[in-house]
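Chemist: Supplied in structure tokens, the structure appears directly below.
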Amino acid sequence: MADHYEVLGVDRAATAEEIKKAYRKLARELHPDVNPSEDAAERFKLVTHAYDVLSDPDQRERYDLGPQAGFGGGGAGGFGFGDIFDTFFGAAQSRTTGPRSRRERGQDALLRIEVDLDEVVFGTKREIEVDTAVLCETCNGSCCAPGTSPVTCDICRGTGSIQRSVRSLLGNVMTSSPCGTCRGYGTVIPNPCPTCAGQGRIRAKRTVTVDVPSGVDTGMRLHLPGEGETGPAGGPNGDLYLEVKVKHHDIFSRNGDDLLATLEVQMTDAILGTTVKLAGLDGEIAIDLKPGAQSADIVTVKDRGITRLRGGGRGDLKVGIQVVTPVRLNSKESQLIKEFAESRRPVPPEFSTFQQGLFAKLRDRFLGV
């Protein structure tokens, strides 16, 4: 069994770059298209197999440890289960697909966006800054320095794969594996773009305009096709997803497409009734309070809620009433209250048969329970 390092003519402490350089030199000399002799063909098999092992860090480590590490078949004559699978599956795939493209689709990106509750009522337009991969303007995705271009790999002749004959229990079979020089692309880039280091893309910040539709809620995701990362070598962009969070509002809350609020009214207004005008999320709101209003009553203002996400129309504004009892009365006010109480039939306080508390009652009425 030939030693892989001796086959390539390198020291056992050789770097990956030194191993690659030695392989390329020998491959140019021994390739069947250059040297058709049988001796050269056999040496080319050994050189290629040695490079396949030593260019892979894991295989090289197992090879350096020796047979006890489970590394089988150091020479071209070795043939294990991995070779069998490569022969019948990997090799066939390489021959049919040819060299692989450097251009790949970019990754999708996920960001979070916060919107105010008033922006949810009718929707809004936002400009957000995205830090992601964009097309390199120097090489326009070619990965090459200006004025240069990729060249055909002189080892695989542009096929992206290396084929070799291997002796096995089944006889001589042809195996195929990705070319270690061009990594299966079929071309190499001798002069990479200095801006993107041969990637065809760089990281940069850009501004994306987002239409936030009405009716969105916390946890929903907005999908922006083609606004994600640019792919390697100028490949198509991935998609951008925005996860929405609706900010807390001090006055209004939300239940589906309805808005909820609590209105504190004085005892006299609850008794006599009144109309109040208050600032809403989208302008002034008139609330009519009928005489005899009770705490936990609900006043519904139609079509002043949130515009529905799918379909027309808006939800309602539901206002829960909380009657405020005065705690400081002057003597005249106290006397008037006493006269009012004496003028009515006395009703002693008693437990209510409604077991839930006021706030639970208010909540259930909001939610329509």
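Chemist: Scan region 188-209 for residues that are crowded, with 19+ Cβ neighbours inside 10 Å and either hydroxyl-bearing (Ser, Thr, Tyr) or in a strand (DSSP E or B) (or both) and jot them down.
Modeler: Within region 188-209, just Arg201 meets the criteria.
Chemist: Kindly indicate which of Arg304, Arg254 is modelled with pLDDT of 90 or more, farther than 30 Å from Gly200 by Cβ and not in a strand (DSSP E or B).
Modeler: Every option except Arg304 fails the conditions.
Chemist: Restrict the check to region 258-273 and report whether at least one residue is loosely packed, with under 14 Cβ neighbours inside 10 Å and more than 26 Å from Ala341 (Cα to Cα).
Modeler: no
Chemist: OK, next. State whether one or more residues within region 337-348 are modelled with pLDDT of 75 or more and either surrounded by 11 or more Cβ atoms within 10 Å (Cβ to Cβ) or touching a Pro at 6+ places or on another chain (Cβ under 6 Å) (or both).
Modeler: Within region 337-348, one or more residues are modelled with pLDDT of 75 or more and either surrounded by 11 or more Cβ atoms within 10 Å (Cβ to Cβ) or touching a Pro at 6+ places or on another chain (Cβ under 6 Å) (or both).
Chemist: Please find, among Glu243, Glu284, Glu264, the residue that is among the charged types (D, E, K, R) and within 30 Å of Arg105 (Cβ to Cβ).
Modeler: Glu243
Chemist: Taking Asp83 and the conditions (1) modelled with pLDDT under 90; (2) assigned to a strand (DSSP E or B), which numbered condition does it fall short on, given that it satisfies the others?
Modeler: Checking Asp83 against (1) modelled with pLDDT under 90; (2) assigned to a strand (DSSP E or B), the one that fails is (2).
The values are calculated or read from the model by the stated rules, or taken from the named source; none is laboratory data. Computed from a predicted model, the values in this text were never measured in an experiment. A quick note on method: Cβ atoms are made from the backbone with ideal geometry, for glycine too, and the neighbour counts reach across all protein chains shown.
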